[in-house]
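See below for the structure under consideration.
The values are calculated or read from the model by the stated rules, or taken from the named source; none is laboratory data. In this text the structure is predicted, and so the values were computed from the model without any measurement. Note that we place each Cβ from the backbone using ideal geometry, even for glycine, and neighbour counts take in every protein chain shown.
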């Protein structure tokens, strides 16, 4: 049975029954990640929670307006509009709305074997800045879908669907650059790394040097390399080669072009080098890839 809490005007909240939580903990899929409590508090005047006795759930709070604070692990943090944080399970904590400018928050308590992976490194406030590609409204709709699905009942289908959505929801915050750029070909203005990736994709048939990419971005080669690797995990030219091989895979799958023709199409004049690079990245030669059954 759904239990609705009382408190703030316009609030919505629900706590899943212990019987349902136990069922989720025993399910192979749901035991990875599941919601135990979920809600929305608009302009939550005098909202205050203190848990001196630790709980076994992680607490996710996303502040969309107003301000607040929280305390955990011996540290106190200020929370501003468009920030979120995750309180780890098993430690005492407290949090509250600002008295003069009370926060509006979306909040979720969750558990599961993968919960710590999503919570890692998010004890301090994380920004969700409202830029052109922020997709904040998409994320709010996703929250509404999770809430409404749970409110409609706790069938196994509903619970598994919400768990899948929640993986996506947390991923949209943890991997925010990918989330923001996933639904558009237009790169964000001022984002040098994404602009460079867009430039690479438009010039796969060319040979580009590191200096070409750095100059295009307006940075020195060393500083550009540092920025690029920090955001993508790859050196710029290694990423460019990865895009070339990705394009080569597409042509191997969808055309009858010879391998040496594909090599030239992705800006590599040395077919032997192309084959070695392809094998290094894909774990098989271009011809083996073409013959491999897919799907």
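Let me confirm something: among 61, 86, which residue is part of a strand (DSSP E or B), closer than 27 Å to residue 154 by Cα and free of Cβ contacts under 8 Å to residues at least 40 places away in the same chain?
On the way: 61 fails: free of Cβ contacts under 8 Å to residues at least 40 places away in the same chain.
Answer to the check: 86.
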If we keep just the residues of region 254-266 that are within 35 Å of the chain's Cα centre (by Cα) and surrounded by fewer than 17 Cβ atoms within 10 Å (Cβ to Cβ), which is modelled with the lowest pLDDT?
-> 254
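Of the residues 78, 72, 113, which single one is in the same structural domain as residue 164 (by TED's automatic domain parsing), more than 20 Å from residue 38 (Cα to Cα) and exposed (fewer than 13 other Cβ atoms within 10 Å of the Cβ)?
Details: 72 fails: exposed (fewer than 13 other Cβ atoms within 10 Å of the Cβ); 113 fails: more than 20 Å from residue 38 (Cα to Cα).
It is 78.
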Starting from region 145-173, take each residue that is without any contact (Cβ under 8 Å) to a residue 24 or more places away in the chain and list its partners that are assigned to a loop (DSSP other than H, G, I, E, B) and surrounded by fewer than 20 Cβ atoms within 10 Å (Cβ to Cβ), counting only C-beta distances under 9 angstrom and pairs at least six apart or across chains.
-> 153/2; 158/152; 164/29
Take region 214-250 and flag every residue that is surrounded by 14 or more Cβ atoms within 10 Å (Cβ to Cβ) and more than 24 Å from residue 175 (Cα to Cα).
-> 214, 216, 219, 221, 248, 249
